[in-house]
C-alpha cells in the first residue's frame, strides 16, 4: 500500500467503525496541540496518511495505534479504541468470502522447455516434493520423460475446442502436470527462481478453462491438482511480494480444494491467507484465517498446531503477549501429538515437517512480540526457535534457510545483540540476491530499521549500508 497504513475498510459497516476511531484520534491530536504534519513526522508517516486515518478511510494497524497513543499521551484510550474497532470489524461479517472474481491475466506463451530452468530434471516417480498423483495417491506411479511431458503440457494448454470435446484426462497428462509442479516448487526453493510463477500460472489458466466446462468425468481427478496449482501460485506470488494476485489464486484454491475434499490444501491456502492479511496490517482477518484452519481440519493435531501458530503471529504484531504465548504453547503441545496420519492428509509435510513449521512459526511470533513490546526475553526465545528450525531444514532448501537466518538475525537485534545479528545475516547478503518486495526483503527491512537505530555496540557502517541497499 502506497501510504503504509492499513487497507481500506471493506464495506459500509466496517467503514463506520474506523470513522469512529478516526474521530477519537483527531480529538487527541488537537488536545495535544499537534498538526497532522507534526504527528506524521513523529510516527514516520506522511501527513496524508494521518488524514486518512482520521477520516476512517484506512484501517489503523495496532502497532501504529500504540505509537499514536504514546505520542498523544492518550493513556491507552487510542489503543483500546483500535482493538475495539478490530473486534467490531471481525464480528461484522465473514473475513474470508469466496470472491471468485477475475483472476490474474494469462502469462505470455512460449515453449515450455525454454521457460524451465537450465538442467531441469523431472522426478522419475510420484509422489515427489510433497505432491501426490490425483489418480494413484501415495501408492505411487511413474512420470513420463521430459519430451513427453512437454508435448502433454502443450496439448493440455492448447486453446480452442480441444478441451471441450475431450471426455477425460489420461493418466499420463495428470502425471506430467503433477511432476511439472514439483519441479517448479523445488526450483524456486533451491534458487529463488521467478520463472516458476509463469509456468504455474500458464498451466493454471488452462485448468481454469477445463474446470469451467460442464461437469465431466475428469473433474474429480483434475480438481485436487488444480487446487494444488492455485495454492502454489498464491504462495509464489506471496513470496515475491505480489499480494493482490496471491489472494486471488488462494481464493480459487480453497474453492477447488473443498470440491476435491483436500484438507491439506485448504490448510495451506488458509495459512497463506493469514500471512497476507498480517502483512497488509489486517489483524482481524489474519486471526480469523488462522482460526479457520482449525475449523477446516477439526481434530487433526498437525492442523491445530498450524492454526495456533498463525493466531500467535496475529496477536504478536498487536503486542498481546498473553494470547501470543498461549497459542505458541498450544502449538508445541499439538506438535508432540501429531502422528502418521498427518503426512497422508498433507503430503507437503514430508518436505517441511510439523516440527519444522512450528519452530519457524514460533520464532516469527516471538520475534514480532519482542519488536512490538521491546521485551528482550521474547527475542532470546525467538533465537532458540529459529536455531532449532534451521537444524531441521533438509538439504537444498536455500530460500527457507535464508529466510530463517534473516529472522534469527532480527531476533538477535531485538535482543540487543547487534554484533550477533550482523554475524548471522552476513551470509544472507553474501549468497542471496535480495529483492526488496519479497518476504526475505521484508524480514531484512525490519532488521535494517533496528540496526540503524542501535546505540552502544552498533554493527559496522559497511554492513548497515549493504543492508540498506538490499532492501530499498
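Just so it is clear, none of the values below were taken in a lab; they were calculated from the coordinates. Quick caveat: nothing in here was measured; it's all calculated off a predicted structure. Cβ placement follows ideal geometry from the backbone for every residue including glycine, while neighbour counts extend to all protein chains displayed.
Over the Cα atoms of the stretch 354-396, the radius of gyration divided by the Kirkwood radius equals 1.05; this is the Rg/Rh ratio.
In the stretch 319-435, the alpha-carbon atoms span a convex hull of 113 Å³ per residue.
Rg and Dmax of the stretch 25-78, based on Cα coordinates, read 9.8, 25 Å.
Gain on full extension, evaluated as 0.36 nm per residue between residue 279 and residue 295 minus their Cα-Cα distance, stands at 3.5 nm. The share of Cα pairs per 5 Å bin across the stretch 418-472, counted from zero up to the longest distance, runs 4, 21, 36, 26, 10, 3, 0 percent. One chain, two ends: residue 80 and residue 435. Fully extended at 0.36 nm per residue, the span grows by 124.1 nm beyond their Cα-Cα distance. Computed from Cα atoms, the angle from the helix 376-392 axis to the main principal axis of the chain rounds to 20 degrees.
Find the Cα radius of gyration of the stretch 256-296, compare it with 2.2 N^0.38 Å by division, and give the number to two decimals.
1.16
With R₀ fixed at 56 Å, the C-beta to C-beta distance from residue 31 to residue 393 puts the FRET efficiency at about 0.60. Between 0 and 90 degrees, the angle of helix 146-157 with respect to the longest Cα principal axis of the chain falls at about 80 degrees.
Computed from Cα positions, the angle between helix 243-260 and the longest principal axis of the chain comes to roughly 50 degrees. Convex hull volume of the C-alpha atoms in the chain, normalised per residue: 148 Å³.
Here the extension length gained between residue 87 and residue 466 equals 132.4 nm, from 0.36 nm per residue of separation less the Cα-Cα distance. The Stokes-Einstein estimate for the stretch 111-261, based on a Kirkwood radius over Cα pairs and taken at 4 °C with 1.567 mPa s viscosity, is a diffusion coefficient of 84 µm²/s.
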